[in-house]
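Remarks on the structure that follows.
The values are calculated or read from the model by the stated rules, or taken from the named source; none is laboratory data. Note that the coordinates shown come from a computational prediction; the quantities given were computed from them, not determined experimentally. All Cβ positions, glycine included, derive from the backbone under ideal geometry; neighbour counts span all protein chains shown. These area figures cover heavy atoms from the full protein model, side chains too; ligands, DNA and RNA do not enter into them. Shrake-Rupley method; radii C 1.70, N 1.55, O 1.52, S 1.80 Å.
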Amino acid sequence: LTNPRPYATDRSEERDLRAPSTAAYATDRSKKHASPYNHLRFYAPLLVDAPRLVLLDDDVIMRGDVAALATAPLAGPLGAGCQYWRFERGGFRAIAATLGDSPYLGVAPGAPWPPELKRRLSEARRTIEGVEAVDDISTWPAWNFGVAVVDVDRWRRAGVTAKYEAWVAAGLFPVESLAHGLGLPHLALGPDVACVDD
């Protein structure tokens, strides 16, 4: 990354968006989100000589042929699992979620987004993408890199890695937060993630 700050151990410069309505933000710290390996998936598409790249987390259990992911139809640079699985009486149930339904940007699911977060997202989005609005972000699909397939050519043409670096450099979230580890990928890829059947 061009910004060395994400790996700094001095946390005195971190900005904190905590507000009474965002209690989840205070407890979502994890060293795994600060690991350089968490960012590797944004550089892998620049390093491979293949049309597709399948990314699977180490805790994923595949109940089918992984090769099917490599041929899944994609409308953009990334296809990912967008379903959350909930065990209820009678078995598992898939639930489609949006960013507004998830804690990925440091806001408790269903809680209103703090005005300071909306303001800072708006400023960063205007600088990085030339787009002013942020209200639509809460309607984007929530997806998980745990099961993902990259269309390498589209990724490169869309400049996804550079967008990701710009979002990281914006310094919106503490490095050890879920919002930094999982929210920034959502911001870099925007609403153009195809949901694959996971």
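Just a few scattered comments:
- Of G181, G146, all but one fail to be outside any helix (DSSP H, G or I), open to solvent by less than 10 Å² (accessible area, probe 1.4 Å) and either in contact (Cβ under 8 Å) with a residue 40 or more places away in the chain or in contact with a helix residue (DSSP H, G or I) (Cβ under 9 Å, 6 or more places away or on another chain) (or both); the exception is G146.
- Contacts under 6 angstrom Cβ, first residue in the range 84-100 being closer than 17 Å to V60 by Cα, partner open to solvent by less than 40 Å² (accessible area, probe 1.4 Å) and not in a strand (DSSP E or B), 6 or more apart: Y84/A97
- Cβ-Cβ under 8 Å pairs, at least 6 apart or on other chains, the range 39-61 side in contact (Cβ under 8 Å) with a residue 40 or more places away in the chain, far side open to solvent by 60 Å² or more (accessible area, probe 1.4 Å) and assigned to a helix (DSSP H, G or I): P45/R156; L46/R156; P51/D153
- Any chance D151 is open to solvent by 60 Å² or more (accessible area, probe 1.4 Å) and within 28 Å of P45 (Cβ to Cβ): no
Listed here are the residues, each with its yes/no results for (1) within 27 Å of G106 (Cα to Cα); (2) at pLDDT 90 or above; (3) part of a helix (DSSP H, G or I); (4) of a type outside the set (S, T, N, Q).
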position	(1), (2), (3), (4)
R18	yes, no, no, yes
K32	yes, no, yes, yes
A50	no, yes, no, yes
D59	yes, no, no, yes
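- Checked against the criterion of being in contact with a strand residue (DSSP E or B) (Cβ under 6 Å, 6 or more places away or on another chain), of a type outside the set (K, R) and under 21 Å from K163 (Cα atoms), the candidates A80, A72 yield just one match: A80.
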